[in-house]
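The values are calculated or read from the model by the stated rules, or taken from the named source; none is laboratory data. Values in this document were obtained by computation on a predicted structure and should not be read as measured data. Every residue, glycine among them, receives a Cβ derived from its backbone with ideal geometry; neighbour counts consider all protein chains shown. Accessible surface areas use protein heavy atoms only, side chains included; no ligands, DNA or RNA. Shrake-Rupley method; radii C 1.70, N 1.55, O 1.52, S 1.80 Å.
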Amino acid sequence: MIEYCNELEAKIENSSLRRSYDTTAQGQESCTFGPQMPARHFNLTSLVVAPFMLDPTPQATKTAIAPRRKEDFPEWYQQVIRAAELAEPSDVRGCMVIRPWGYGIWENMQRQLDRMFKATGHRNAYFPLFIPLSYFEKEAAHVEGFAKECAVVTHSRLEVNAEGRMVPASPLTEPLVVRPTSETIIGASYAKWVQSYRDLPILINQWANVVRWEMRPRVFLRTTEFLWQEGHTVHETEAEARAETKQMLDVYETFVRDHLAIPVFSGEKSESERFPGAVQTLCIEAMVQDRKAIQAGTSHFLGQNFARASGIQFQSRDGQQELAWTTSWGMSTRLIGTLIMAHADDDGMILPPRVAPTQIVIVPITPKEETRPAVFAAADELAAGLRTLSYQGAPLEVEVDRRDLGGGVKNWEWIKKGVPLRVELGPRDLESGNVAVSRRDQPVKTKQFLPRPELIERAVELLDSIQQNLFDRALQFREANTRVIDSREEFYNFFTPQDAGKPEIHGGFALAHWNGSRAVEEQIKNDLKVTIRCIPFDDPGNPVASGACIFTGEPSPRRVVWAKSY
RNA sequence: CGGGGUGUAGCUUAGCUUGGUAGAGCGCCUGGUUUGGGACCAGGAGGUCGCAGGUUCGAAUCCUGUCACCCCGACCA
């Protein structure tokens with residue numbers, strides 16, 4: 001056994017995979033495993049593998065996804081989406097088809113977020129897809145911000161022309177804008193609903209699709225049509241509206257951290273990155289594996305701007321007519337893209353158990369026809385046992401893969417889809433009472449044998465451990481690529497690729513002092529394509545609270561987060 | 001909208017310079033052997049070569065136009 005382990009260790013070394021194992025073997029009595037399929041046994045809950053350790057060197061063994069992250073990150077991203085059957089580009093430019101596996105993730109996100117919205121007193125409603133142009137024109141900054149990406153409906157009928165083609169006919173008296181966001185149309189309703197301070201607050205959320213005619217679409221990250229939720233609230237006082245804005249950002253941060261297993265910086269946007277029409281935009285920013293930043297959620301304090309535009313006013317406690325204070329906040333299917341870029345590896349998707357459409361897949365191994373019924377029966381029985389468990393307030397989702405395919409093929413499909421736990425059950429396990437369990441956050445060949453009752457007993461613990469490990473990895477990655485920077489030169493070096501012709505993955509988050517000027521921000525953007533992602537609430541750089549702007553030497557109250565972004 | 005590039009089977013592509021009636025790998029279908037790490041053997045289906053026009057006896061190949069997509073810029077959840 002010892003000899004065998006050493007041999008295996010050597011193979012791992014030679015495969016040029018830089019992996020770090022706990023090789024003390026936890027005394028699993030094992031090798032019930034056939035000689036043709038050796039496997040080492042690890043303690044499943046103690047092993048933590050950091051993302052960089054999972055990176056094979058370019059010459060390493062074949063991975064399920066080509067190219068690898070290091071070779072071509074954007075292409076890798078698209079290939080993961082395809083391999084995991086999350087979505088596909090449609091014939092409609094800029095639009096995507098979200099496939100069942102991808103939509104299942106979205107449904108889980110919806111369910112959990114919705115629960116959090118309800119818990120903070122919000123209710124769902126639905127407002128029209130079409131916004132009359134005149135409504136849209138009411139808030140100047142808002143129009144300016146969205147005008148360039150609006151889809152506009154101008155006709156109400158099709159007719160057959162002389163060439164037999166369908167052509168739009170019957171122009172509308174007033175064009176309709178397909179909502180890029182709903183502040184104005186919802187504001188029109190709110191204006192009717194609000195008369196007295198007793199009608200406040202209004203706390204409403206809507207789940208909807210929106211359309212923004214983007215120049216350069218990318219599946220999930222920037223599509224012409226996307227799905228989201230938009231919360232719209234109205235308040236009596238500024239303080240209450242500001243508190244709501246912050247509260248919902250906190251909900252987002254909690255959701256992304258606890259359910260998507262992604263750490264974020266939360267803070268405020270600089271003026272140039274602010275939502276059109278907002279007084280203040282709060283955001284959470286995540287780092288993904290090419291070290292870029294991605295905005296994972298935003299919450300806006302709209303002041304009285306939209307109340308003024310839509311005429312939302314009320315009679316106050318002392319009988320005065322006053323403008324209300326409004327907020328809006330949103331999260332979109334872009335989060336699925338964020339999830340992919342944050343967690344997936346060179347073998348495909350890796351799903352945090354809390355949003356996985358299926359948490360556990362059981363793969364029956366049926367080498368001989370005569371053993372098949374018994375194996376299937378055992379698999380079904382195990383699945384039934386697991387389904388009695390509750391996970392995150394819902395029954396555990398367990399699938400038995402009965403397809404008549406080779407065990408390897410099935411296994412790899414589930415690896416690419418990112419199912420958290422894979423369970424193999426074959427004829428030999430019928431006698432031993434064991435199953436082979438693999439975690440998606442560990443190297444694909446790692447297995448542990450567990451007696452079936454123990455798997456049922458420990459399933460939730462294993463899923464929690466995966467959830468935690470994904471977060472730990474992501475945090476470790478972010479910390480490894482976040483740098484406190486105190487000089488302009490270091491800043492420029494940090495964000496300048498070694499090879500300008502074929503930029504490698506470089507940079508990350510820079511925590512640096514800034515004098516608050518828009519001009520400086522503009523300059524940095526022009527030079528390096530780097531922007532301020534957020535002005536954090538707490539100083540994450542910590543060494544000194546205040547300091548000097550590294551570009552101008554002027555005083556700076558705090559460090560801000562700089563990065564290239566999606 | 002500016003600059004560059006590419007269009008051949010579901011995917012990746014060969015052929016194009018030097019015109020002669022379309023080939024491969026993967027995937028798919030059927031049968032058999034397989035199935036505990038991405039299987040193998042045999043057979044099979046699938047393409048008006050992006051589209052339109054032109055040159056020619058003959059066009060994937062040459063010419064003109066057009067459309068779509070990709071990459072780089074301006075914009076963005």
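Listed by first and then second residue, the pairs linking a residue in segment A:61-73 that is under 18 Å from A:Gly408 (Cβ atoms) and near RNA strand B (Cβ under 10 Å from one of its atoms) to a residue that is among the acidic types (Asp, Glu) and in a loop (DSSP other than H, G, I, E, B), with Cβ atoms under 6 Å apart and 6 or more places separating them unless they lie on different chains, are A:Thr63/A:Asp346; A:Thr63/A:Asp347; A:Ala64/A:Asp347; A:Ile65/A:Asp346. For A:Trp101, the requirement of being within 16 Å of RNA strand B (Cβ to nearest atom), modelled with pLDDT of 80 or more and touching a Pro at 6+ places or on another chain (Cβ under 8 Å) is met.
Once segment A:347-369 is narrowed to residues that are open to solvent by 10 Å² or more (accessible area, probe 1.4 Å) and not in a loop (DSSP other than H, G, I, E, B), the residue that is farthest from RNA strand B (Cβ to nearest atom) is A:Arg354. Just one of the listed residues (A:Glu88, A:Glu144) is farther than 29 Å from A:Met248 by Cα and open to solvent by 50 Å² or more (accessible area, probe 1.4 Å), namely A:Glu88. Filter segment A:214-264 down to the residues that are among the polar types (S, T, N, Q) and either open to solvent by 60 Å² or more (accessible area, probe 1.4 Å) or away from RNA strand B (no atom under 16 Å from the Cβ) (or both) and list them by number. Within segment A:214-264, A:Thr233, A:Thr237, A:Gln247, A:Thr254 qualify. Residues in segment A:75-85 that are in contact (Cβ under 8 Å) with a residue 40 or more places away in the chain and not in a loop (DSSP other than H, G, I, E, B): A:Trp76, A:Tyr77, A:Gln78, A:Val80, A:Ile81, A:Ala83. Summed over segment A:147-200, residues that are exposed (fewer than 15 other Cβ atoms within 10 Å of the Cβ) and either within 18 Å of A:His232 (Cβ to Cβ) or not aliphatic (A, V, I, L, M) (or both) total 21.
Matching residues to (1) under 30 Å from A:Arg82 (Cβ atoms); (2) part of a strand (DSSP E or B):
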| site | (1), (2) |
| --- | --- |
| A:Glu230 | yes, yes |
| A:Arg257 | yes, no |
| A:Ala261 | yes, no |
| A:Ala278 | no, no |
| A:Thr281 | no, yes |
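A:Arg218: closer than 21 Å to A:Tyr135 by Cβ, basic (Lys, Arg) and at pLDDT below 95, yes or no? It is false that A:Arg218 is closer than 21 Å to A:Tyr135 by Cβ, basic (Lys, Arg) and at pLDDT below 95.
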